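Nothing in this text is a laboratory measurement; each read-out follows from the coordinates by a stated rule. Being a predicted model, the structure only gives us computed values, none of them experimental. Positions of Cβ are backbone-derived with ideal geometry, glycine not excepted, and every protein chain shown enters the neighbour counts.
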Amino acid sequence: MTVPAPDNAWAFDSTAAPGFTPMTPYAGANNLTAGSTSATNLGVFSLTANKAGTANAAIRITPGTGGGNDYYRITPFGSVPATLATPAAITVEAMIQFSTVTATGNMVIVKHLNAGNTQGYSLYLKPDGVTVGFRVNNSAVYEQVATISTSGGWSHIVATYDGTSMHLYVNGVEVGSGSGTVTTPGAILDSATDFQVGGNSTSASTAAVNGAIDDVRIYDVALTPAQVSARYATY
């Protein structure tokens with residue numbers, strides 16, 4: 001099974017935190033750097049083992065205890081290429097290890113404005129710990145109950161949008177699809193905010209993941225079910 005190359009990807013194989021460059025051949029631009037909305041309640045950013053047990057091969061976020069919002073992001077905003085900001089179709093992919101589920105957050109990949117959520121896209125786990133959500137454009141949301149480990153196990157989460165419909169996959173299996181909520185079909189509308197991993201700097205409440213993230217990939221095509229399954233088989 002041939003899987004197209006991602007438009008950008010971060011493997012987080014590093015010997016130093018918290019800054020990360022994209023994996024080869026994407027190195028040289030779009031570095032992810034740690035940030036927080038609170039200078040006094042900054043969380044802990046560190047490296048941890050990935051699903052295979054390889055040391056220092058995934059990022060870990062332990063959110064601050066006094067509020068604030070911790071995340072990794074591409075900055076400045078102007079450095080985000082159009083294929084991350086306004087693709088006609090998109091696939092977002094990540095390996096995620098939730099240590100616990102936060103009551104207001106669990107944002108895995110975010111590039112949207114929080115006020116009205118009218119642009120961009122985001123992939124997240126709701127506070128119930130079982131509902132995976134994907135949002136594109138004008139508050140179009142597709143959510144599906146799925147089996148996600150929230151106590152230290154790894155889950156492979158993928159969301160796709162082909163310009164009309166959205167699909168969600170967990171551990172290589174499609175858990176649902178829908179198009180009825182896409183009120184503005186077509187290309188992703190650009191959002192004047194940073195591409196972020198593990199949190200959302202535009203949210204007033206804590207939206208950070210409490211756990212580890214690895215192998216974040218963004219494609220400017222919607223992967224097929226067979227391609228998503230093939231990606232999961234690599235882990």
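For each of Ile59, Ile148, count neighbouring Cβ atoms within 10 Å of the residue's Cβ, then give the residues from fewest to most.
Values: Ile59 27, Ile148 20.
The order, fewest Cβ neighbours first, is Ile148, Ile59.
Hey, fewest Cβ within 10 Å first, where do Lys51, Lys111 land in order?
Details: Lys51 18, Lys111 27.
Taking fewest neighbouring Cβ atoms as first place, the list is Lys51, Lys111.
Which order results if Asp194, Asp13 are arranged by neighbouring Cβ count within 10 Å, fewest first? Could the numbers behind the result be given before it?
Numbers: Asp194 22, Asp13 15.
So the ranking, lowest neighbour count to highest, is Asp13, Asp194.
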